[in-house]
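Below you'll find the structure, written out as structure tokens, and then a few comments.
The values are calculated or read from the model by the stated rules, or taken from the named source; none is laboratory data. Keep in mind that what you see is a predicted model, and the values were worked out from it rather than measured. Positions of Cβ are backbone-derived with ideal geometry, glycine not excepted, and every protein chain shown enters the neighbour counts.
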């Protein structure tokens, strides 16, 4: 059972992923629960995805600082491996703050997050249409890199990729996707 800090941390991640849209947050509670309890596993095919894992875990320090928790409290309460949700939220933040930041458009962190959800094939997995078996299948397909060569079924789908997206680390998949968005 999760303690109060774990619950508050999940709420923190959900708020980043949904921005100000509380209806969206309420509609996808089951998906957030599965994403937050599914360990992100680095596929041996792309060992540099360890960077995505580490960025996900580093979100815990940002949460601790923002909410006034000590590192000891965080280590005691959040002592589990990086979740898929943490990895996706951390990547969304990185994309927004370090690559796509544009004051004209405002903060688009949630746009990057939901783009990944959609590419995975989970955009329709709201609480009314939730199938836990299908979600777990999709997440395993993603982590096993059994999605389409253009990235469909993974985090980033691109048109006419210059390589098999399954063979490159998640960060390079993101850059190909973002370059396509800029065209």
Check whether at least one residue in segment 52-71 is free of Cβ contacts under 8 Å to residues at least 24 places away in the same chain, crowded, with 17+ Cβ neighbours inside 10 Å and part of a helix (DSSP H, G or I), and report yes or no.
-> yes
Verdict on residue 81 being within 17 Å of residue 171 (Cα to Cα), out of contact with any helix residue (DSSP H, G or I) (no Cβ under 7 Å at 6 or more places or on another chain) and not in a helix (DSSP H, G or I) | no
Residue by residue through segment 9-26, note down the ones that are free of Cβ contacts under 8 Å to residues at least 24 places away in the same chain, under 15 Å from the mean Cα position of the chain (by Cα) and surrounded by fewer than 20 Cβ atoms within 10 Å (Cβ to Cβ).
-> 11, 15, 25
Those residues of segment 34-50 that are surrounded by fewer than 15 Cβ atoms within 10 Å (Cβ to Cβ), part of a helix (DSSP H, G or I) and in contact with a helix residue (DSSP H, G or I) (Cβ under 8 Å, 6 or more places away or on another chain) come to a total of 1
How many residues of segment 127-176 are more than 18 Å from the chain's Cα centre (by Cα) and over 20 Å from residue 39 (Cα atoms)? The answer is 13
Restricting attention to segment 119-141, the residues that are within 20 Å of residue 86 (Cα to Cα), without any contact (Cβ under 8 Å) to a residue 24 or more places away in the chain and not in a loop (DSSP other than H, G, I, E, B) number exactly 4
Checking residue 100 against (1) part of a helix (DSSP H, G or I); (2) surrounded by 13 or more Cβ atoms within 10 Å (Cβ to Cβ); (3) at pLDDT below 95, the condition it does not meet = (1)
